[in-house]
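The values are calculated or read from the model by the stated rules, or taken from the named source; none is laboratory data. In this text, all values refer to a predicted model and were calculated from it rather than measured experimentally. Note that we place each Cβ from the backbone using ideal geometry, even for glycine, and neighbour counts take in every protein chain shown.
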Amino acid sequence: MRAYQVYQDSAMLNLAIQVWEYSRSYTVFPGNVASGTIPTKSVNVGKTCSGATLVGGMFWVSDVNDPTLYGANTAMFFALSAYLAEATGNTTYLSAATDSGAFMIDVIQVTSPGNGAASISANASGCGDIWGLGSFRLDHTGWFMEGLAILPGSTTLGQQSVSVDTLRSNIVNITLAANTLCNAPNGIVNTGKGAGDSTIVQGIGALYHALQGPADLLTYVGSFLSVQSVQHNYICGNYTR
């Protein structure tokens, strides 16, 4: 969809739609929760996770016996749905985006300190994180931010019906302040790969252009992105004085 935004080539849009259709077959929709099944899987689909519906969650892999609902895949589907809603005006995509966005907020709890869980089981009544600590949270947070940057600011998500405008500011604040992977001594996002995490930087960069304020937050985000650019170029040997 990024390529379509630049080139406005219908072939790129059609490819994105095909990817969305495939991804949809591994995403939980209301009918799946009602029946407790999904055609692409041999696992039971629970109705709720700690009181929140599993609608909108996307499975990790195509293995029919794997019940893992993965935050990063869900966030990517959320962002893709938001892009397609903007490009086509089709409310099917907007509905999918609001469902997956709600899953990210209510089940994954991406707006909580540390950016929530990486993954949960579709057939468990609790929301225990299957994978535990890792950089997966920055992956799903970056994609979630990118989707928020695309959706209309008045759109509401989750059980508390929080506006996208509010979520944009909230998630930037909680991620940069409370996720230790964003607070390395050298200032660069630290996921153990040596050169930062491009997904979270892409997401914050997308949000930077969508944030409505306050001014000090915009200044802080701009400074954070500048540090990532300088540090990344230095590590990759591209930095010159």
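Would you pick out the residues in segment 88-141 that are among the acidic types (Asp, Glu) and under 14 Å from Val55 (Cα atoms)? Spell out how you get there, then give the answer.
Step one: filter segment 88-141 for residues among the acidic types (Asp, Glu), giving 99, 106, 129, 139.
Result: Asp99, Asp106.
Of all residues in segment 114-127, those satisfying the criterion of being within 19 Å of Leu157 (Cβ to Cβ) and more than 13 Å from the chain's Cα centre (by Cα) are Ile120, Cys127. If we scan segment 108-120, do we find a residue that is assigned to a helix (DSSP H, G or I), more than 18 Å from Asn32 (Cα to Cα) and among the aliphatic types (A, V, I, L, M)? Within segment 108-120, none of the residues are assigned to a helix (DSSP H, G or I), more than 18 Å from Asn32 (Cα to Cα) and among the aliphatic types (A, V, I, L, M). The sole residue among Trp143, Trp131 that is farther than 22 Å from Val45 by Cα and either touching a Phe, Trp or Tyr at 6+ places or on another chain (Cβ under 7 Å) or not small (Gly, Ala, Ser) (or both) is Trp143. Scanning segment 128-181 for residues that are in contact with a Cys (Cβ under 9 Å, 6 or more places away or on another chain) and within 20 Å of Met76 (Cα to Cα) yields a total of 2. Scanning segment 50-77 for residues that are part of a strand (DSSP E or B), in contact with an Asp or Glu (Cβ under 8 Å, 6 or more places away or on another chain) and either more than 12 Å from Met104 (Cβ to Cβ) or among the aromatic types (Phe, Trp, Tyr) (or both) yields Thr53, Phe59. Of the residues screened, Ile235 is not one that is at pLDDT 90 or above and either surrounded by 14 or more Cβ atoms within 10 Å (Cβ to Cβ) or farther than 29 Å from Ala102 by Cβ (or both). Selection within segment 128-137: residues that are surrounded by fewer than 24 Cβ atoms within 10 Å (Cβ to Cβ) and under 16 Å from the mean Cα position of the chain (by Cα). The member of this set that is farthest from Leu217 (Cα to Cα) is Gly134.
Criterion first (at pLDDT 95 or above and within 18 Å of Trp60 (Cα to Cα)) does Trp143 satisfy it? Spell out the reasoning first.
Values: at pLDDT 95 or above: yes; within 18 Å of Trp60 (Cα to Cα): yes.
Answer is yes for this residue.
Identify all residues within segment 121-144 that are of a type in the set (A, V, I, L, M, F, W, C) and part of a helix (DSSP H, G or I); write none if there are none. Hits for segment 121-144 are Phe136, Leu138, Trp143, Phe144. For segment 38-59, state whether one or more residues are exposed (fewer than 15 other Cβ atoms within 10 Å of the Cβ) and either without any contact (Cβ under 8 Å) to a residue 12 or more places away in the chain or at positive phi (or both). The answer is yes; a qualifying residue exists.
Only one residue in Ser25, Ser35, Ser42, Ser10 is of a type in the set (Ser, Thr, Tyr) and under 25 Å from Ala149 (Cβ atoms). Which one? Break it down stepwise before answering.
On the way: Ser25 fails: under 25 Å from Ala149 (Cβ atoms); Ser35 fails: under 25 Å from Ala149 (Cβ atoms); Ser42 fails: under 25 Å from Ala149 (Cβ atoms).
The unique qualifying residue is Ser10.
As a summary of the residue check, Asn44 satisfies the conditions (1) within 19 Å of Ser119 (Cα to Cα); (2) assigned to a helix (DSSP H, G or I); (3) of a type outside the set (A, V, I, L, M, F, W, C) except for the one numbered (2). When restricted to residues that are more than 22 Å from Val164 (Cβ to Cβ) and either touching a strand residue (DSSP E or B) at 6+ places or on another chain (Cβ under 7 Å) or of a type in the set (Asp, Glu) (or both), segment 86-124 contains 4.
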